[in-house]
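Colleague: First, the structure itself, so that you have it in front of you.
The values are calculated or read from the model by the stated rules, or taken from the named source; none is laboratory data. Predicted model only: the values in this text are computed from it and were never measured. Every residue, glycine as well, gets a Cβ built from its backbone with ideal geometry; the counts of neighbours run over all protein chains shown. Quick note on the areas: whole protein, heavy atoms, side chains included, nothing else; ligands and nucleic acids left out. Shrake-Rupley method; radii C 1.70, N 1.55, O 1.52, S 1.80 Å.
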Amino acid sequence: MSFDDIIDRRDTHCLKWDMMEKLYDVPQDKGLAMWVADMDFRPPQVVLDAVQAQVDHGVMGYFGDDSAYRAAIQWWMQTRHGWSLEADHIFTTHGLVNGTALCVDTFTKPGDGVVVFTPVYHAFAKVIKANGRRVVECEMTQDNGRYEMDFDAYDAQMDGSERMVILCSPHNPGGRVWSRAELQAVAAFAKRHELIIVSDEIHHDLVMPGHTHIPMTAIEGIEDRLVMMTATTKTFNIAGSHAGNVIIADPDLRAKFAARMMALGLSPNSFGLFMATAAYSPEGATWVDELVGYLDGNRQLFDTAINAIPGLKSMPLDATYLSWVNFEDTGMTREEFTQRVEKDACIAVNHGPTFGKGGDSWLRFNIATPRARIIEATERLAAAFGDLQ
């Protein structure tokens, strides 16, 4: 496919485009939607063909025999990430926000602390709080404009009530691909404080050239406390299928999670399984390689334009398609620079404070859109902050 194709998503019940006026007061007719983390691209043809085959058959019954689905996941993780896993370690949840909530519900108790490294994906805090647990925000530091984790400071924060740490790897919104040493430090921190590690690796396929994602499962000595989370949804732009995978090697943790799934009566929808099976294929892999190359071009274009505007600075992006832009050097209040982006440039973006401590001067921009829109967005931003130039 051509990633340059403009696909009009308005009036299709699309959260990203149809809700930006209601939520951000950015006019639907002339606004650019750069907030929700889905892409403005069609998924690979092999996925569309899988859906069409079900429509052509015409009977939408219960899904049975998921062996091909599990085998596809195993093949993908082995060939793309060097990760060998057992088929019966895989659970399918209603997306990974649901997966996160189930982990919090299963492995912690009301009042327990759940650690997150902020600023970080806003849904973590939402489901932690909704489950009656306490969000423990461990704010990251910056070194040459890149996020780092300060475990000496985090050790001092712990009071013994913490039971879980949720890691975003690669990191959203900062785009970091964590090194092996950093992952080992997370593992050591979890061991010191007796924490379950939930590693959300939904962006693991969207890694920029020159960087390599290391699955948390590659770190030795933590199998008894590790829960892995992956999905096709972010990689292939099929978030509406709401299918995510929680993968647990430890038998005790796996039994607890299975019991909770059973108690809640959870099972996946058939379309999500058909789409994931088709996506995790050689055809899907070729599409992802082309996609990442296109996203890298968008990244370079967007960063160059943003960093040319005085007072604006984008964080270097190792992975994801989410650009994290700092407006601190404009000298403006958060309300003022946000208004310029949303009212003057007519761009809907995610607000930094929703990502927790450390996000106040930031906005998150989704660059997974045709390049013409990236060019238009940067031109609008340059004009909106033109008085600083």
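Colleague: What are the pairs, 6+ residues apart or on separate chains, where a residue within segment 82-110 that is under 15 Å from SER199 (Cβ atoms) has its Cβ under 6 Å from a residue that is assigned to a strand (DSSP E or B) and open to solvent by 20 Å² or more (accessible area, probe 1.4 Å)?
Modeller: That search, which allows pairs on different chains as well, returns PHE107/ILE196.
Colleague: Suppose the filter is modelled with pLDDT of 95 or more, over 24 Å from PHE124 (Cβ atoms) and not in a helix (DSSP H, G or I); does THR369 pass it?
Modeller: yes
Colleague: Also, I was wondering about something else. Being part of a loop (DSSP other than H, G, I, E, B) and of a type outside the set (Gly, Ala, Ser) is the filter here, so list the residues in segment 152-173 that pass it.
Modeller: Matches in segment 152-173: MET158, ASP159, PRO170, HIS171, ASN172, PRO173.
Colleague: Here's a check for you: in segment 334-365, which residue that is without any contact (Cβ under 8 Å) to a residue 24 or more places away in the chain and surrounded by fewer than 17 Cβ atoms within 10 Å (Cβ to Cβ) is nearest to PRO310 (Cα to Cα)?
Modeller: GLU336
Colleague: When both residues are 6+ apart or on different chains and their Cβ atoms are under 6 Å apart, which pairs have a first residue that lies in segment 139-151 and is assigned to a helix (DSSP H, G or I) and modelled with pLDDT of 95 or more, and a second that is crowded, with 19+ Cβ neighbours inside 10 Å and of a type in the set (A, V, I, L, M, F, W, C)?
Modeller: Listed pairs, sorted by first residue: PHE151/PHE189.
Colleague: Tally time: how many residues in segment 299-331 are more than 17 Å from the chain's Cα centre (by Cα) and over 15 Å from TYR147 (Cα atoms)?
Modeller: Number of matching residues: 18.
Colleague: While we're on this one: Hey, can you tell me all the residues within segment 85-133 that are of a type in the set (Ser, Thr, Tyr), farther than 14 Å from MET228 by Cα and assigned to a strand (DSSP E or B)?
Modeller: Of everything in segment 85-133, just one residue is of a type in the set (Ser, Thr, Tyr), farther than 14 Å from MET228 by Cα and assigned to a strand (DSSP E or B), namely THR118.
Colleague: Please go through (1) touching a His at 6+ places or on another chain (Cβ under 8 Å); (2) open to solvent by 20 Å² or more (accessible area, probe 1.4 Å); (3) of a type outside the set (Gly, Ala, Ser) for VAL120 and return the number of the only condition it doesn't satisfy.
Modeller: So the condition that VAL120 fails would be (2).
Colleague: Okay, next question. Taking the condition surrounded by 12 or more Cβ atoms within 10 Å (Cβ to Cβ), of a type in the set (S, T, N, Q) and without any contact (Cβ under 8 Å) to a residue 40 or more places away in the chain, does GLN45 pass?
Modeller: Taking the combined requirement at face value, the residue does not satisfy it.
Colleague: Select from segment 269-310 the residues that are hydrophobic (A, V, I, L, M, F, W, C) and outside any helix (DSSP H, G or I) and list them in ascending order.
Modeller: Keep residues of segment 269-310 that are hydrophobic (A, V, I, L, M, F, W, C), which gives 271, 273-276, 278-279, 285, 287-288, 291-292, 295, 301-302, 305-306, 308-309.
Answer for segment 269-310, where residues must be hydrophobic (A, V, I, L, M, F, W, C) and outside any helix (DSSP H, G or I): ALA308, ILE309.
Colleague: Would you point out which residue out of VAL36, VAL26 is among the β-branched types (Val, Ile, Thr), touching a Leu at 6+ places or on another chain (Cβ under 7 Å) and under 24 Å from THR338 (Cβ atoms)?
Modeller: Matching residue, one of VAL36, VAL26: VAL36.
Colleague: Right, here's the next one. Is it fair to say ALA258 is open to solvent by less than 70 Å² (accessible area, probe 1.4 Å) and closer than 22 Å to PRO215 by Cα?
Modeller: When the stated conditions are applied, ALA258 does not pass them.
Colleague: Which one of VAL114, VAL136 is within 21 Å of the chain's Cα centre (by Cα), open to solvent by less than 20 Å² (accessible area, probe 1.4 Å) and touching a residue at least 40 places away in the same chain (Cβ under 8 Å)?
Modeller: Unique residue meeting the criteria: VAL114.
Colleague: Separate question: Out of the residues in segment 214-247 that are part of a helix (DSSP H, G or I), touching a strand residue (DSSP E or B) at 6+ places or on another chain (Cβ under 9 Å) and of a type in the set (Val, Ile, Thr), which is least open to solvent (accessible area, probe 1.4 Å)?
Modeller: If we take residues in segment 214-247 being part of a helix (DSSP H, G or I), touching a strand residue (DSSP E or B) at 6+ places or on another chain (Cβ under 9 Å) and of a type in the set (Val, Ile, Thr), then THR233 is least open to solvent (accessible area, probe 1.4 Å).
Colleague: While we're on this one: Among (1) buried (at least 22 other Cβ atoms within 10 Å of the Cβ); (2) within 21 Å of the chain's Cα centre (by Cα), where does ASP296 come up short?
Modeller: (1)
Colleague: Within segment 343-365, how many residues are part of a helix (DSSP H, G or I) and closer than 24 Å to LEU295 by Cβ?
Modeller: Of the residues in that region, 3 qualify.
Colleague: Right, here's the next one. Looking at (1) closer than 30 Å to LEU363 by Cβ; (2) in contact (Cβ under 8 Å) with a residue 24 or more places away in the chain, which is the only condition HIS13 fails?
Modeller: Evaluating HIS13 over (1) closer than 30 Å to LEU363 by Cβ; (2) in contact (Cβ under 8 Å) with a residue 24 or more places away in the chain leaves (2) as the failure.
Colleague: While we're looking at this one, here's another question. Between residues in segment 366-389 that are within 19 Å of GLU290 (Cα to Cα) and residues that are modelled with pLDDT under 95 and open to solvent by 10 Å² or more (accessible area, probe 1.4 Å), which pairs lie under 9 Å by C-beta distance while being six or more apart or on different chains?
Modeller: So the pair list comes out as PRO370/SER2.
Colleague: Across segment 174-213, what is the number of residues that are assigned to a loop (DSSP other than H, G, I, E, B) and either basic (Lys, Arg) or open to solvent by 30 Å² or more (accessible area, probe 1.4 Å) (or both)?
Modeller: Of the residues in segment 174-213, 8 are assigned to a loop (DSSP other than H, G, I, E, B) and either basic (Lys, Arg) or open to solvent by 30 Å² or more (accessible area, probe 1.4 Å) (or both).
Colleague: May I pose another question? Quick check on ASP344: is it at pLDDT 95 or above and either in contact with a Pro (Cβ under 6 Å, 6 or more places away or on another chain) or within 26 Å of ALA319 (Cβ to Cβ) (or both)?
Modeller: Numbers: at pLDDT 95 or above: yes; either in contact with a Pro (Cβ under 6 Å, 6 or more places away or on another chain) or within 26 Å of ALA319 (Cβ to Cβ) (or both): no.
No; evaluated as a whole, the condition is false for this residue.
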